[in-house]
Every structure is written in C-alpha cells, then in structure tokens.
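Working notes for the structure below.
The values are calculated or read from the model by the stated rules, or taken from the named source; none is laboratory data. Since this is a predicted model, take the numbers as computed values, not measurements. Cβ placement follows ideal geometry from the backbone for every residue including glycine, while neighbour counts extend to all protein chains displayed.
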Amino acid sequence: MTRKNPMPDLLRHWREAVPDDRLAHLIRDVARAQMRALQLRLAEHDVSFGHWTFLRILWLKDGLTQRELSELAGVMEPTTFAAVKAMEQMGLVERRQLAGNRKNMHVFLTRAGRALEKKLVPLAEEVNHVSVAGSTEAQLQAMRQFLLLMLENLAADASGPSSSEPH
C-alpha cells in the first residue's frame, strides 16, 4: 500500500489557509518534514529514527550511562532502556559496567555501530541540503541567527517569564 505524500496539502495549508499562523506551528511542520525525509533514508539501512538519535549522541561521546543518554536525547529512561536493548540485539551497542562502579550501566558502540556513522551522517546532510535548496548563504545565516535568538529568548523565559525581557 502506497502512502499519500502529505506535503502538497501541508504547503497549501501554509500558503493559502493560514499564511500568518503561529511560527511555532511552521517550525514544527518543517521539523516533521525533515524527520520524515530522514526516516525514509534511515529505513534503507534498517535504522529507526529513534535509534538514530542515540547513535548520534554516542558517535560524539561513547560510553555514556543510560541516564546520561536519556538526558542528552531528551527522553525518559524507560524509552532509552528499550532502544538500547533493541540496538544491542542489532549488534550496534553493548552495555557494560565499568570496573569499580557496579551501579551504572554504560553504553558503548560496537564496531558495527561506529561504522554506521559514515553511512548515516551523509543521509542527514542530504536532507539538510534538500530542505534548504534554493536559498542563499545569507538567508541561511540569517535563519540560523534568528532561530538561535528564539532559543535564547525561550531559555531565558524557562527560568521564569518575568525574569528577563526578550532580545
């Protein structure tokens, strides 16, 4: 069964129905479209988007505890446990305790998990290139600066709505 591509309806929605809708909704829809494009590419390598998230973190810092991995991924520990267990069965990671610390379980990439970096990172880069096709370097830099400003404003707001004024 072939799934209908939701993008034409989504584009029509943004261009015609609600062109001035909240920015948060537009950002969410762009992020979902990028994730969907990456999921399609990852599926060709039998890697789920959830596993991609953990692999990316481990490629940067291998040997994290499951708790640290949960915090960095922004998910609950049971979610991390299930994903790590599945990735272990796939031969991508191994869990082990470090000498002198029987309490924490650390997650390490296997050779196969490490090797996926060279295959999967270019797929994410491809999605990024596809999503910004037709834009100029100046537009990309302005967008990055604007999104960073939004993050800064929201980080300041997270410490209390009245604690700081937006930039």
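Evaluation of residue 33 against the conditions (1) modelled with pLDDT of 95 or more; (2) surrounded by 14 or more Cβ atoms within 10 Å (Cβ to Cβ) shows that the sole unmet condition is (1). Do we find a residue being assigned to a helix (DSSP H, G or I), at pLDDT 85 or above and within 21 Å of residue 121 (Cα to Cα) anywhere in the stretch 10-28? Looking for residues that are assigned to a helix (DSSP H, G or I), at pLDDT 85 or above and within 21 Å of residue 121 (Cα to Cα), one finds none in the stretch 10-28, hence no.
I need the full set of residues from the stretch 101-142 which are among the hydroxyl-bearing types (Ser, Thr, Tyr) and assigned to a helix (DSSP H, G or I), in order please.
Start the filter on the stretch 101-142 by keeping residues that are among the hydroxyl-bearing types (Ser, Thr, Tyr), which leaves 110, 131, 135-136.
Listed by number, the list holds a single entry, 131.
Residue 160 passes every criterion in (1) surrounded by 13 or more Cβ atoms within 10 Å (Cβ to Cβ); (2) in a loop (DSSP other than H, G, I, E, B) apart from (1).
The set of residues from the stretch 36-85 being β-branched (Val, Ile, Thr), in contact with a strand residue (DSSP E or B) (Cβ under 6 Å, 6 or more places away or on another chain) and assigned to a helix (DSSP H, G or I) comprises just one member, 84.
Here is a yes/no grid of residues against (1) at pLDDT 95 or above; (2) more than 27 Å from residue 41 (Cβ to Cβ); (3) surrounded by 10 or more Cβ atoms within 10 Å (Cβ to Cβ):
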{"site": "74", "(1), (2), (3)": "no, no, no"}
{"site": "90", "(1), (2), (3)": "yes, no, yes"}
{"site": "100", "(1), (2), (3)": "no, yes, no"}
{"site": "103", "(1), (2), (3)": "no, yes, no"}
{"site": "122", "(1), (2), (3)": "yes, no, yes"}
{"site": "125", "(1), (2), (3)": "yes, no, yes"}
{"site": "138", "(1), (2), (3)": "yes, yes, no"}
{"site": "148", "(1), (2), (3)": "no, no, yes"}
